[in-house]
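Data block below; observations after.
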Amino acid sequence: MSGALLYLPYAVAVWLFLAGAYGLVRSRHLVHSVLCLAVVQSSTYVLLLSIGFLAKAGAPIFNPPQVPPGSRSVDPVVQALTLTDIVVGATVTSLLLAMTIQIHRRKGTVDPHHLRLTRG
Amino acid sequence: MSLLEIVAFLAVAVLGAAVVATRRPLNQVVVFGLFGASMSLLFFVLQAPDVALSQIAVGSLAIPALLLVTLMKTSDKL
Amino acid sequence: MNDRARTVLFLVSAAAVAAVLIEGIAGLSPFGTHQTAYAAMLLRVAVLERHVLNVATAVNFDYRGFDTLGEEFILFTSIAGVLIIFSELRGGKTLYPEPMDGPADRGRTAAIRAFATGLAAFVAAMGMNVALHTSITPGGGFQGGAIFGSAVVCIYLGAGYAALDRTAKKSLLDTLEALGAAAFALIGVATAFLSGAFLKNSLPLGAAGSIPSGGTIFAINAAVFVEVGCGFALLLLLYLHQTCKTEEEQR
Amino acid sequence: MTYGFVHHLAPLAVAVPLICAAALMPLSRHLPRAAADAIATAAALAVTAMCAALTIASTHAPIVYWMGGWVPRHALAVGIGFVVDPIGGGLATLAALLVSSALVFSWRYFDSVGTLFHTLMLAFLAAMCGFALTGDLFNLFVWFELMGVAAYALTAQKIEEPEAIAGAINFAITNSAGAFCVLLGIGLLYGRTGALNPAQIGTVLAQRPADALVIVALLLITCGFFVKGAVMPFHFWLDDAHAVAPTPVCVLFSGVMVQLGLYAVARIYWTCFSPALGTHAAAVQALFIGVGIVTALAGASLAYSQSHLKRLLAFSTVSHSGMFVCAIALFNAAGAAAAALFIAAHGLIKSSLFMCAGIVLNRFKSMDEGALHGRGRSLPVTRAVYFAGALGLAGLPPLGISAAKVLFDASFERQAMLWIAAVVALASAIDAGAVLRFGLRVFAGIGVRAPGGPLPQTQPTETRSRNALSEKLTMLAPAIALPAISIWLALSGTFVHGVERAARLFTDQPAYAAATLAHRVQPWPGTAGEALDPSAYAINLAVCAGALLFALAGAFGFRLPGPLRAPFMAIRRLHSGIYVDYIAYMMFGIGAYGVWLILAR
C-alpha cells in the first residue's frame, strides 16, 4: 500500500491535467477557460518537482560549513525548469486576459460559444 | 511519504478540481487564489523555496490583480 | 458540436488518456527515492565552481542560463503583446492610451495616501532585497522583480490611478524593461568575446556566501531584476489603466 | 576548448534578433516608421546570413556549441548545447529568409503599424532560430513558448476586429495545451534518464527495451508538437489563425512555423527514441503513415471546399503537413531527405502564394472567390506569380517541389510502399487543384462565378489603399524572389545531394551522440548521391494535369453527388471555430494515438 502511495504525486499531476482539460471543454466564460488552462499547466509543475524530490533531503541551498559533497539535497535542475515554467504560465495568462478584455469591448461577450469564427 | 506531503498533494488536487468546478467568475478567482496558495505550500514541502517564492509573487500578487481587473471590465453589472 | 456530444467525446477520450498516462508514470521511480545523474553532478560541483550557495540560482543563471534568457524574452514579448492589444495606434506608432479619470481617484485622505506610498516603498524594498540575496537565499531577480512590480498595486489602491500614472511613467518603465532584457543578451555577447563562450563567466567570482558572489550570475541577476521589475510594473499599469473609463465610454 | 568565429554565430543567431527586438520597443516612440523597418529588415537579413554560414560550415562537421562553456563531463551534459547540422541550420536559414521577406513585404503593406510589430517579428525569428539549432529538450520547450507567445500576439494584431482576437485565443489555448503535453513528456524522460540532452537521453534509453514510460513520453511529445505541426486531429487552430492573421504573419506560420513542429518530432525521434524502440518502431511508423495520409487527404479536400483564399491556403498547409509526416514516417535517410527538401520548397512557394493573397487583399479588400471573380485580371504580374506557385505546389518542374517529389516517390518505391506515394499524389492534385481553381476564377475569370457577395465597400484597416509603383514593387519582389530561389535550389545538384547527405547524418544517432557528448567531431563522410532520374518527373506532370482537371471541374461548378459529399461536409463541420471543441478533439487524438501505441507494444 505504501508502495502505491509513492505514486500519488505523479497521479496528482495526471489528475490536474485531465481536470483542467475537462474545465476547458465545458467552459462558458473566457476567464474560466484561462484559469482551467493554468490548472492544466500546474500539472507540469507538480510532475517536475515530484520527479526531483528526494526524501529527507534539504533544499539545494548550502551553508558555508556544510558544503557538498556529502550533503543531501533535492534536484535543483527541476526547480530551475519549474521557475521558467511559472513565467511561461504568467505570460500566457496575461496575454489571454488582455484578449478577453479586448473581445468583451468589441463584442460584449465572454462566452466562447458566442465567439465562433465564421467559416469561409 | 510524510503526512505533510500527502496533505499538500491532496490539497492541490482538490483545489485544482475546485477551480475547474467553480462557475461564478468572482468565486473562481478566490478559489484560484487558494489553489495558488496550496501550490506554494506544496513547493515549500518539496524543498523548493525558490519556486514557492515565485509562485507567491506571481500567483498571489500579480495574476489575481490582472484577474480582478479583467472581471471588472467584463462583467455586465459594472 | 453540442455540449453533450462534446462532453461525451471528452470523457471517453480522457478515460483512455488517463489509462495511458498511468501506464507511463508507473515507470517512474517511486516518489523521493531517486536522484538523477544531472542533479547529483551539479550538487557536487556547483558551489565550488560558481561560488554561490543557492544551487538553483547557479543552474538558473549559469549552467542553464540560456533557458533563462529565453524565459526573460517570453516575458518581454508577452508584455509587448499586451501593449499592442491595449494600445492605440496614432500616426503609425503604438502609443499608450491617454490617462483618464479612474474610479478610485476621489475621496482619499492624505493619511491613506501616505500609508499606501509607504507600503509601496516597503514592497519595492522587499523585492530588491529578495533579488539582492539571490546567491545565498531563496529568490532572485525574477522573484524580486515580480514583488517589486507589485508595488504598483499598492499605490493604485491607496492613491488612485491618476497618482499612479504620475509616479510610474510608462515610457520610463518600458525603456528600463527593454534595457534589462537587452542587457542579458548583451552580457552573453560580451562574455563570448571575453571568455570564449556565450554566457561563460568572465568576472571575479567573489567569496561564496557573500552577496556579490558568482561573477556573471550577479550581473545577470541584476539585469533580470530590472527587466522583470519594470516589466511587471508596466503590465500591471496597463491592466489598471483599463479600470479607467475609455474615451468611448465617457461619451 | 576554443570556439571559432563560425561557432559563435550559433548563439548570435538568437541573441542578435533578441537585442534588436528589445531595442526597438522603447525606440518606437522616437523613430520614424521607415527607420524601424530598416533596422528590423537589416537584423533579419543579418540572421539569414549567419544561419546560412552556419549551415554551410556544418556540412563538413556538426557545429557543437556549449552555452557558458559547459562542455560535457564523462559523457554527461552539464549545460545547454547547440548542435547545428545542415537540416537544423537550413531550417533556421529558411525561417530567417522568410522573416526578411515578410518584413520587406510589410513595408508598404500595412497602412499603419506600430514598431511593436517589428519587436514581435524579431522575437519570433529568434525563437525559431533557437528552436531549430538547440540540442537540449527543455531549451527546445523555451523557444517553443517564445515562438508561441510572439505568434499569438502577432495573430491578435488587428485589435479592432473581434475575429482576430477570437482566432488568437483559439490559437493560444490549443498551442499552450500542446506545449504542456510536450513538457510532461520531457519530464517523464528526465525522470527516467536524468538528462535533458537528447544525445544523452538516447544513449541511456538504448540500454533497455522501451517500456510504457518511454512510449508515453514519445506520445506526449509527438502530440504536443503535432499541434504546432497541424496534424489531424490537432490542426484545428490553424485555419482560424490564418484567416485572421495579417498576411506577412501567415507567410511565417505556413512557411516555416508549422514545419518546425514536425522537425522537432523527427529530431527527437531520431536522437532520443530511435535506439530504444527496436521492433516497436513499426507501430510508430504505422501510426505516422496513417495520420499522415488522413491529414494529407482531408486537408486537401478541406482546401478544395474553401472559397476564402487564406483559409484555402491554410488547409493546403495542413495537407502538406500530412505529406511531410508520411515522408518522416519512413524512418530512414531517404524519407528524411524527401521531407527536408519538400519542407524547404513548400515554404518558399507557399509564402509566395500568401503574398499574392496579400496583394489581392490589399487591392480589393476581399478574400472571397465569388466576390473577386475575374478581378485579378488587372494584376498581371501577381497573376503570373500565383499560377506559377499553384502549379509549383503540384510539382511542376523546375520549381522546387518537383525535385522534392521525385525524392519522395523514390523513397517510397524503395520501401515497396508505392501506394502511399500514389495517395499523396492524389492529395497533391486535389490540393493544387483548389489553389488553381481560385486562380482560374479570380485571375482569369474562367468558369462560373462562385456564390459570394459583392466586393466590400468598407475598407479593412489592415492595408493601405494607395496603389503606387513602389508599393507594388516591395510586395511583388519577395513574392517573385522566393519561388526563384526554389528553382535555383532544385536545379543545383549540389543542394539536392547536400540534402540527401544531411539527411543521412540527421538519422545517424550514434554520430550525433559522439559529436555532442564525446566531443568527437569527425568530418562527415562525403558520398556521391545518385542522380535524379529525369523520367521520374513524369509523375509530377501527371499530378499537374490532375490538378488542372480538379481546378477546371471546380471552376465550372461540378459538385460531388450529395451522398458522396456528406463525409466531407461532416469533416468540415468539425471546424467549429471554437477552442472548447478543439480541446476535446485534441484529447481524442492523444487517447487514440496512445491506445494504439500502448496496445501495439
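The values are calculated or read from the model by the stated rules, or taken from the named source; none is laboratory data. Not measured: the values here are computed from a predicted model. So basically every Cβ, Gly included, is an ideal-geometry build from the backbone, and we count neighbours across all protein chains shown.
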Inset, instruction - Out of D:Gly347, D:Gly358, report the one residue that is more than 15 Å from D:Ala95 (Cα to Cα) and touching a residue at least 24 places away in the same chain (Cβ under 8 Å). - result: D:Gly358
Inset, instruction - Would you list the helices (runs of 4 or more DSSP H) that sit entirely within region D:507-601 and hold 3 or more residues that are surrounded by fewer than 21 Cβ atoms within 10 Å (Cβ to Cβ) and at pLDDT below 85? - result: D:537-555, D:562-574
Legend entry - Unique match (being farther than 17 Å from A:Leu16 by Cα and touching a Leu at 6+ places or on another chain (Cβ under 9 Å)) among B:Leu42, B:Leu26: B:Leu26
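Please go through region A:69-98 and give me each residue that is farther than 28 Å from C:Ala80 by Cα and free of Cβ contacts under 8 Å to residues at least 12 places away in the same chain, ordered by number.
A:Pro69, A:Gly70, listed by residue number.
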Inset, instruction - Select from region D:568-585 the residues that are more than 18 Å from D:Tyr304 (Cα to Cα) and either touching a strand residue (DSSP E or B) at 6+ places or on another chain (Cβ under 8 Å) or of a type in the set (A, V, I, L, M) (or both) and list them in ascending order. - result: D:Ile578, D:Val580, D:Ile583, D:Ala584
Inset, instruction - Using the structure shown, decide if C:Leu53 is among the aliphatic types (A, V, I, L, M) and touching a strand residue (DSSP E or B) at 6+ places or on another chain (Cβ under 7 Å). - result: yes
Legend entry - Breaking point among (1) touching a His at 6+ places or on another chain (Cβ under 9 Å); (2) over 30 Å from C:Thr57 (Cα atoms); (3) within 13 Å of chain C (Cβ to nearest Cβ); (4) not aromatic (Phe, Trp, Tyr), for D:Ile39: (3)
Legend entry - Qualifying residue in region C:185-208 (condition: closer than 20 Å to D:Leu116 by Cβ and part of a helix (DSSP H, G or I)): yes
Legend entry - Residue tally, condition buried (at least 20 other Cβ atoms within 10 Å of the Cβ) and not in a strand (DSSP E or B), over region D:69-83: 6
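Table: residues versus (1) at positive phi; (2) in contact with a Phe, Trp or Tyr (Cβ under 9 Å, 6 or more places away or on another chain); (3) assigned to a helix (DSSP H, G or I).
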site: D:Ile401; (1), (2), (3): no, yes, yes
site: D:Phe408; (1), (2), (3): no, yes, yes
site: D:Trp419; (1), (2), (3): no, yes, yes
site: D:Leu426; (1), (2), (3): no, no, yes
site: D:Ala429; (1), (2), (3): no, yes, yes
site: D:Val435; (1), (2), (3): no, yes, yes
site: D:Arg449; (1), (2), (3): no, no, no
Inset, instruction - Return the only residue of A:Val110, A:Val77 being in a loop (DSSP other than H, G, I, E, B) and either crowded, with 24+ Cβ neighbours inside 10 Å or within 8 Å of chain B (Cβ to nearest Cβ) (or both). - result: A:Val110
Inset, instruction - Could you run through region A:1-56 and say how many residues are hydroxyl-bearing (Ser, Thr, Tyr), surrounded by 24 or more Cβ atoms within 10 Å (Cβ to Cβ) and more than 8 Å from chain B (Cβ to nearest Cβ)? - result: 5
Inset, instruction - Report whether or not C:Leu194 is free of Cβ contacts under 8 Å to residues at least 24 places away in the same chain, among the aliphatic types (A, V, I, L, M), in contact with a Ser or Thr (Cβ under 9 Å, 6 or more places away or on another chain) and surrounded by fewer than 24 Cβ atoms within 10 Å (Cβ to Cβ). - result: yes
Inset, instruction - Scan region C:23-39 and give yes if some residue there is part of a helix (DSSP H, G or I), touching a residue at least 40 places away in the same chain (Cβ under 8 Å) and within 27 Å of C:Pro212 (Cα to Cα), otherwise no. - result: no
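Residue-wise test of (1) under 30 Å from D:Thr2 (Cα atoms); (2) at pLDDT 90 or above.
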residue: C:Arg108; (1), (2): no, no
residue: C:Gly145; (1), (2): no, yes
residue: C:Ala168; (1), (2): no, no
residue: C:Pro204; (1), (2): yes, no
Legend entry - Subset of region C:167-195 [within 8 Å of another protein chain (Cβ to nearest Cβ) and of a type in the set (Phe, Trp, Tyr)]: none
Inset, instruction - Answer yes if at least one residue in region C:32-43 is at the interface with chain D (Cβ under 7 Å from one of its Cβ atoms), within 22 Å of D:Tyr582 (Cβ to Cβ) and touching an Asp or Glu at 6+ places or on another chain (Cβ under 7 Å), and no otherwise. - result: no
Legend entry - Meets criteria (part of a helix (DSSP H, G or I), within 7 Å of chain A (Cβ to nearest Cβ) and modelled with pLDDT of 90 or more) for B:Gly16: yes
Legend entry - Out of C:Ala182, C:Ala222, C:Ala178, sole residue that is free of Cβ contacts under 8 Å to residues at least 12 places away in the same chain, under 24 Å from D:Met25 (Cα atoms) and part of a helix (DSSP H, G or I): C:Ala182
Inset, instruction - Give, as residue ranges, the helices (runs of 4 or more DSSP H) completely inside region D:212-314 that count at least 3 residues that are hydroxyl-bearing (Ser, Thr, Tyr) and under 25 Å from D:Trp419 (Cβ atoms). - result: D:281-304
Legend entry - Scan of region B:43-65 for residues that are buried (at least 23 other Cβ atoms within 10 Å of the Cβ), over 14 Å from the mean Cα position of the chain (by Cα) and within 7 Å of chain C (Cβ to nearest Cβ), ordered by number: B:Asp50
Legend entry - Residue satisfying all of: in region C:134-150; farther than 21 Å from C:Glu177 by Cα and not β-branched (Val, Ile, Thr); surrounded by the fewest Cβ atoms within 10 Å (Cβ to Cβ) among these: C:Pro138
Inset, instruction - Filter region D:18-62 down to residues that are modelled with pLDDT of 90 or more and outside any helix (DSSP H, G or I), then give me how many there are. - result: 0
Inset, instruction - Using the structure shown, decide if C:Leu164 is facing another protein chain (nearest Cβ under 10 Å) and either touching a residue at least 12 places away in the same chain (Cβ under 8 Å) or farther than 18 Å from C:Leu53 by Cβ (or both). - result: no
Inset, instruction - For residues that are in contact with a helix residue (DSSP H, G or I) (Cβ under 6 Å, 6 or more places away or on another chain), at the interface with chain A (Cβ under 8 Å from one of its Cβ atoms), more than 19 Å from D:Thr119 (Cα to Cα) and of a type in the set (A, V, I, L, M), tally how many sit in region D:157-171. - result: 2
Legend entry - Verdict on D:Leu125 being more than 7 Å from chain C (Cβ to nearest Cβ) and within 16 Å of D:Ala23 (Cβ to Cβ): yes
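Would region C:52-61 turn up any residue that is farther than 30 Å from A:Ser73 by Cα and more than 7 Å from chain D (Cβ to nearest Cβ)?
No, region C:52-61 contains no residue that is farther than 30 Å from A:Ser73 by Cα and more than 7 Å from chain D (Cβ to nearest Cβ).
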Inset, instruction - Kindly list the number of the only condition in (1) over 21 Å from A:Pro76 (Cβ atoms); (2) within 7 Å of another protein chain (Cβ to nearest Cβ); (3) touching a helix residue (DSSP H, G or I) at 6+ places or on another chain (Cβ under 8 Å); (4) modelled with pLDDT under 90 that fails for B:Ser75. - result: (2)
Inset, instruction - Please determine, by comparing only the residues of region D:110-162 that are among the aromatic types (Phe, Trp, Tyr) and surrounded by 24 or more Cβ atoms within 10 Å (Cβ to Cβ), which one is nearest to A:Val78 (Cα to Cα). - result: D:Phe138
